[in-house]
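Below is one structure, written out as structure tokens; comments come after it.
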Amino acid sequence: MKASAFLSLLLLCFSFQTISSAVLDEICSEIEDSYIDKDFCIKTLSSDPKSKTADADGLAVISVEIAVAKAAEVKTRIEAQLKGAADAYEKDRAQAALQIFSNVVSTFEWSVKSLKSKFRSGPLSLLTVGRDVAVTINVLVDMGKLGDEFNLLGSLAAAIVGHLH
């Protein structure tokens with residue numbers, strides 16, 4: 001009796017994970033048209049354990065949460081560049097970048113809350129603007145790989161949220 005209950009539970013878990021994996025695979029396949037590499041999408045979303053049980057809405061939330069974390073890194077980098085500015089010109093550029101980027105983290109956090117409440121229109125616009133801001137600040141201060149990573153994660157989040165419409 002115990003063995004059959006264990007086998008039933010194991011089959012249930014396997015079938016649930018297969019369904020979740022199918023949702024992840026489907027979403028990542030469908031947003032490939034948005035210039036997002038499917039393997040990048042799967043690898044990024046799979047980095048969060050919640051993705052194993054997430055539906056499409058849950059994957060959208062996860063993608064924005066990952067982008068929020070990267071946005072916080074970008075803001076920290078800009079602040080460090082401002083502190084370490086060698087001259088007035090570098091300081092002015094870093095201050096401009098910080099001013100431009102200052103609301104991105106809180107805006108992305110608001111997007112997560114909105115998506116959790118099933119409000120999708122606002123977050124898509126804000127994610128798109130946030131991604132564009134990253135391109136602008138990269139002209140002011142050299143963000144290097146971090147800027148590229150943020151841009152990719154912002155694009156991924158915007159593509160998934162856009163897919164929900």
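Please go through (1) open to solvent by 50 Å² or more (accessible area, probe 1.4 Å); (2) over 17 Å from Glu149 (Cα atoms); (3) part of a helix (DSSP H, G or I) for Glu73 and return the number of the only condition it doesn't satisfy.
It is condition (2) that Glu73 fails.
Could you list, in sequence order, the residues of segment 108-131 that are surrounded by fewer than 19 Cβ atoms within 10 Å (Cβ to Cβ) and not hydrophobic (A, V, I, L, M, F, W, C)?
Glu109, Lys113, Lys116, Ser117, Lys118, Arg120, Ser121, Gly122, Ser125, Thr128 - these are the residues of segment 108-131 that are surrounded by fewer than 19 Cβ atoms within 10 Å (Cβ to Cβ) and not hydrophobic (A, V, I, L, M, F, W, C).
Arg93 - would you say it is without any contact (Cβ under 8 Å) to a residue 60 or more places away in the chain and either charged (D, E, K, R) or buried (at least 20 other Cβ atoms within 10 Å of the Cβ) (or both)?
Answer is yes for this residue.
In segment 25-44, which residues are part of a helix (DSSP H, G or I), hydrophobic (A, V, I, L, M, F, W, C) and in contact (Cβ under 8 Å) with a residue 24 or more places away in the chain? Even if it seems obvious, please write down each step before you answer.
Here is the first cut: in segment 25-44, the ones part of a helix (DSSP H, G or I) are 25-34, 38-44.
Applying the additional criterion that residues be hydrophobic (A, V, I, L, M, F, W, C) yields 27-28, 31, 40-42.
Within segment 25-44, Ile27, Ile31, Phe40, Cys41 meet the criteria.
Being open to solvent by 40 Å² or more (accessible area, probe 1.4 Å) and modelled with pLDDT of 90 or more is the filter; apply it to segment 141-162 and report the residue that is farthest from Ile78 (Cα to Cα). Talk me through it step by step, then tell me what you get.
Of all residues in segment 141-162, those open to solvent by 40 Å² or more (accessible area, probe 1.4 Å) come to 142, 145, 148-149, 151-152.
Now narrow it down to the ones that are modelled with pLDDT of 90 or more: 145, 148-149, 151-152.
On the way: Lys145: 14, Asp148: 14, Glu149: 15, Asn151: 15, Leu152: 18 Å.
Filtering segment 141-162 for residues that are open to solvent by 40 Å² or more (accessible area, probe 1.4 Å) and modelled with pLDDT of 90 or more, the one farthest from Ile78 (Cα to Cα) comes out as Leu152.
Can we say Glu79 is open to solvent by 10 Å² or more (accessible area, probe 1.4 Å), closer than 22 Å to Leu59 by Cβ and in contact with a helix residue (DSSP H, G or I) (Cβ under 9 Å, 6 or more places away or on another chain)?
On the way: open to solvent by 10 Å² or more (accessible area, probe 1.4 Å): yes; closer than 22 Å to Leu59 by Cβ: no; in contact with a helix residue (DSSP H, G or I) (Cβ under 9 Å, 6 or more places away or on another chain): yes.
Here the answer is no, as Glu79 does not meet what is asked.
Which numbered condition trips up Gly84, out of (1) under 18 Å from the mean Cα position of the chain (by Cα); (2) exposed (fewer than 14 other Cβ atoms within 10 Å of the Cβ)?
The number of the failed condition is (1).
Is it true that Ala80 is assigned to a helix (DSSP H, G or I), without any contact (Cβ under 8 Å) to a residue 60 or more places away in the chain, hydrophobic (A, V, I, L, M, F, W, C) and farther than 30 Å from Ser29 by Cβ? Give the steps one after another, and end with the answer.
Values: assigned to a helix (DSSP H, G or I): yes; without any contact (Cβ under 8 Å) to a residue 60 or more places away in the chain: yes; hydrophobic (A, V, I, L, M, F, W, C): yes; farther than 30 Å from Ser29 by Cβ: yes.
Yes.
Which one is surrounded by the fewest Cβ atoms within 10 Å (Cβ to Cβ), of the residues in segment 26-55 that are farther than 17 Å from Glu149 by Cα and touching a His at 6+ places or on another chain (Cβ under 9 Å)? Outline the logic, then answer.
Restricting attention to segment 26-55, the residues satisfying the condition of being farther than 17 Å from Glu149 by Cα are 26-33, 49-55.
Now drop any that are not touching a His at 6+ places or on another chain (Cβ under 9 Å), which leaves 27, 30-31.
Details: Ile27: 24, Glu30: 16, Ile31: 22.
Within segment 26-55, the match that is surrounded by the fewest Cβ atoms within 10 Å (Cβ to Cβ) is Glu30.
Looking at segment 129-165, which of its residues are closer than 12 Å to Ala67 by Cα and polar (S, T, N, Q)?
If the condition is that a residue be closer than 12 Å to Ala67 by Cα and polar (S, T, N, Q), then Asn151, Ser155 are the ones that fit.
The values are calculated or read from the model by the stated rules, or taken from the named source; none is laboratory data. Computed from a predicted structure; not experimentally measured. Glycine also receives a Cβ, built like all others from the backbone with ideal geometry; neighbour counts cover every protein chain displayed. With ligands, DNA and RNA removed, areas are computed over all heavy atoms of the protein, side chains included. Shrake-Rupley method; radii C 1.70, N 1.55, O 1.52, S 1.80 Å.
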